[in-house]
Structures are given as C-alpha cells and as structure tokens.
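Computed from the coordinates by the stated procedures, all read-outs in this text should not be read as laboratory data. Note that this is a predicted model, so its numbers are computed, not measured. We place every Cβ from the backbone using ideal geometry, glycine too, and count neighbours over all the protein chains shown.
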Amino acid sequence: MQIEVGRVLFAGKVAGFLNPMGEGISAGMESGYCAACAIMEHFDDPQVACEAYRQSAENLKSYMQRQWSLVGGMAGTFREME
Ligand SMILES: Cc1cc2nc3c(=O)[nH]c(=O)nc-3n(C[C@H](O)[C@H](O)[C@H](O)COP(=O)(O)OP(=O)(O)OC[C@H]3O[C@@H](n4cnc5c(N)ncnc54)[C@H](O)[C@@H]3O)c2cc1C
C-alpha cells in the first residue's frame, strides 16, 4: 500500500480524540465519520477536505478538551492534564 503525502486524515486516538473518562469508541466512530464525509465531499481537494474535517470535528475536539480539563481539576496529580 502506498500512502500519498497530504492525502491522509487521522481519526480516533491517533488524531488526539482520546477521552480520559473512557468510552473512546464513540469518539473514534464520530471522528472517523467526520473524516469520511470530508473525503467523500472534497475528494479532489485535500486541503478543503482537511479544513472540512477540522470544522466538522470541532465540537468533538471541544468536548475532549473539556473532559481533560475536568479530569485535570479533580486532583493535584492530574493537574498536568488540564
Ligand atoms: C480493555 C479495554 C476496554 C475498553 N472498553 C471500552 C468500552 O467499553 N467502551 C468504549 O467506548 N471504549 C472502550 N475502550 C477504549 C476503546 O477501545 C478505544 O478508545 C478505541 O478502540 C479507540 O479506537 P481507535 O480507532 O482510535 O484506535 P484503535 O482501536 O487502537 O485502532 C487503531 C488501529 O490501528 C492499527 N495500527 C496501529 N499502527 C498501525 C500502522 N502503522 N499501520 C496500520 N495500522 C496500524 C492498530 O492495529 C489498530 O487496529 C477500551 C479499551 C481497552 C484497552
């Protein structure tokens, strides 16, 4: 398999959608769906596909950031997660 530079979108954990509270499958599926839709709609324009993916995954990203902040605020030992 040959991977063409600039034509790959990451989803799930490797894209940073890692939920510290668990339940990571939904984040993997949601970001994978966003990536697939962006590719489907903008197949011939990788930069537009990338931007469409960023926008459609923005709510998920913001949710993950709130989850990390929540866990970081629970105890001093988790502070670096904030
Ligand atoms: C014991 C356990 C229990 C869990 N229980 C739950 C649960 O009840 N509910 C829940 O929502 N989540 C649960 N999770 C978390 C959930 O499994 C993960 O959050 C989810 O699988 C993340 O999906 P992902 O697609 O991001 O990554 P992954 O599922 O890790 O998929 C990544 C894939 O990429 C492949 N890969 C890696 N490197 C390469 C490479 N170089 N080339 C090609 N392929 C590669 C790997 O083999 C793997 O198949 C659990 C996790 C564990 C460990």
Unique residue being under 30 Å from Val5 (Cα atoms) and out of contact with any Ser or Thr (no Cβ under 7 Å at 6 or more places or on another chain) when the list is Ala52, Ala38, Ala75: Ala52
Only one residue in Gln47, Gln55 is more than 16 Å from the ligand (Cβ to nearest atom) and under 16 Å from the mean Cα position of the chain (by Cα), so which one is that? Gln55
Consider segment 1-51. How many of its residues are in contact (Cβ under 8 Å) with a residue 12 or more places away in the chain, under 29 Å from Ser69 (Cβ atoms), part of a loop (DSSP other than H, G, I, E, B) and not hydrophobic (A, V, I, L, M, F, W, C)? 3
